[in-house]
Amino acid sequence: MSTSTSIDNVPALRTAWHGCFDRLLYLSSATFQQNESLALKVERLTAALEDYKGAYTEAQDKIEANKRHILWLNDKLGADESRKLPTTNACPRGSLVHCALEGNNIMFDPVLLARGLEGAEDAVEQVRKRIAIELSRQGIQAQEVSSFSINIYFNKEQVAESLTSSNICTREQFDAFFTGFSNASPKYLVVDVGPDTSQAARKLSDYVETFVSLPSTLRVICGGVDTGVVDPAVQEQLIFFDTSISGVTNIPMISGKSLFFDMESLEPTRKLSPLNVGRRGGVTLPLELGSLAGLVSPSSKSSSSARSSSTTPSSNPPPCNEHYLMSCSKGTSCRYSHSYKLTHEQMATLAENAKKAPCNWMKNGLKCPYEDKCCWGHVCPNGPSCVHLSRGKCWFKEESMHT
């Protein structure tokens, strides 16, 4: 009798066990999903906590830096008070204005340079006027300035070669300009640092560091240097000429427009020397590697009516590389000539030497849209063993240009 009852209950038991198993599976699944959700929340909270910790640490560092700066200012204030000179011949406190320029990086406007002595007089006047305007903007009147000095640091021969080979000015104009500049006042100094161009930045840095700490210094004006290297503690005494040299933007700037230009804007091929490529009618035809294009007009019957055989590169612009080898988009505004009639030999020489100048697209790390049709160099002619690259002076600056 009992056996029969157990057999009859089997379906009910099976159903009960199935229900239990389904319930367990549901609870397991819900628990697993909840654990995943909680784990994700914990991960997010951990990341947020790390961010808050980083922000807190950064804030603490700034607080400590501000404390150190306050201590430095207090020490400097005490030192300044102790350095008061009783002599009546001493300069009034905070009455000297010093200007220092890094001439390897910025140079006076080509229009000023080409005018020689007269250009130097105008340059001095513009520098003084623009500095006076900025000082006035800061609430400093002209009568508060008892002395004004200018120091220019550069490799004179290298800068002169770059400017003359770029047709910015002649060597005579260059020398006349800086002679006039230094003679304008005993306090205007032109300092030739020699072949080691790094000396210019070093000397300028020492000059600024020395004078900015003197109690007699009112302001120090710099040009051609990176403002990012300036000690925040002395920023309030510094003013910078606004050129293309990069740096921070919270320092007072004086516009350098129409007064200075960036030396890096000069085309690199202007520093190369000329070569002779042949003769026509007894006249040597030089290839001016010192310009973007370079061949002087050949003395031929077809061109004699437009140009005489005595025409030189100084009186006519050299031919435009892009016009003869690609296509020039500058039209009538192009500074180079589109009217020369070149022989096949001259065209070949023009193309060969154009490859010695780097393509601006490639030089700036961009893909050249002209690719193989570009007339400019995509690789350094000296290859991976380029000695100029090891010195940091090769115009083909991208690593891919030395493969």
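The values are calculated or read from the model by the stated rules, or taken from the named source; none is laboratory data. Keep in mind that this is a model prediction, so the values were computed, not measured. Note: ideal-geometry Cβ built from the backbone for every residue, glycine included; neighbour counts use all protein chains shown. Note: areas computed on protein heavy atoms with side chains; ligands, DNA, RNA excluded. Shrake-Rupley method; radii C 1.70, N 1.55, O 1.52, S 1.80 Å.
Within the range 367-393, how many residues turn out to be over 25 Å from A348 (Cβ atoms) and of a type outside the set (S, T, N, Q)? Reasoning before the result, please.
Pass one, the range 367-393, residues over 25 Å from A348 (Cβ atoms): 367, 384-385, 387-393.
The next check asks that each one be of a type outside the set (S, T, N, Q); those that pass are 367, 384, 387-389, 391-393.
Qualifying residue count, the range 367-393: 8.
Looking at this structure, is L189 farther than 26 Å from P318 by Cβ, open to solvent by 30 Å² or more (accessible area, probe 1.4 Å), in a loop (DSSP other than H, G, I, E, B) and touching a residue at least 24 places away in the same chain (Cβ under 8 Å)? Walk me through how you get there before you give the answer.
Numbers: farther than 26 Å from P318 by Cβ: yes; open to solvent by 30 Å² or more (accessible area, probe 1.4 Å): yes; in a loop (DSSP other than H, G, I, E, B): no; touching a residue at least 24 places away in the same chain (Cβ under 8 Å): yes.
Taking the combined requirement at face value, the residue does not satisfy it.
Out of (1) exposed (fewer than 10 other Cβ atoms within 10 Å of the Cβ); (2) at pLDDT 85 or above, what's the single condition that is false for A12?
Among (1) exposed (fewer than 10 other Cβ atoms within 10 Å of the Cβ); (2) at pLDDT 85 or above, the lone unmet condition for A12 is (2).
Any residue at all in the range 230-250 that's within 20 Å of F108 (Cα to Cα), modelled with pLDDT under 80 and in contact with a Cys (Cβ under 6 Å, 6 or more places away or on another chain)?
Yes, that holds for at least one residue.
Of all residues in the range 373-403, how many are assigned to a helix (DSSP H, G or I) and of a type in the set (V, I, T)?
Going through the range 373-403 one residue at a time, the tally reaches 1.
Of the conditions (1) of a type in the set (G, A, S); (2) at pLDDT below 90; (3) over 22 Å from the mean Cα position of the chain (by Cα), G224 clears all except one; give me its number.
Just one mismatch for G224, condition (3).
Considering only the range 280-296, I want to know if a residue exists there that is modelled with pLDDT of 65 or more, more than 23 Å from the chain's Cα centre (by Cα), of a type in the set (A, V, I, L, M, F, W, C) and assigned to a loop (DSSP other than H, G, I, E, B).
The answer is no; no qualifying residue exists.
For the condition exposed (fewer than 14 other Cβ atoms within 10 Å of the Cβ), over 25 Å from P318 (Cα atoms) and in contact with a helix residue (DSSP H, G or I) (Cβ under 6 Å, 6 or more places away or on another chain), what is the one hit in P384, P369?
Exactly one residue qualifies, and that residue is P384.
Could you please let me know if A160 is open to solvent by 30 Å² or more (accessible area, probe 1.4 Å) and of a type in the set (A, V, I, L, M, F, W, C)?
Working: open to solvent by 30 Å² or more (accessible area, probe 1.4 Å): no; of a type in the set (A, V, I, L, M, F, W, C): yes.
In short, no.
Could you please give the count of residues in the range 119-150 that are open to solvent by 30 Å² or more (accessible area, probe 1.4 Å) and under 15 Å from G256 (Cα atoms)?
The qualifying residues number 8.
Which ones in the range 299-335 are at pLDDT 85 or above, buried (at least 17 other Cβ atoms within 10 Å of the Cβ) and assigned to a loop (DSSP other than H, G, I, E, B)?
Selection gives C320 alone.
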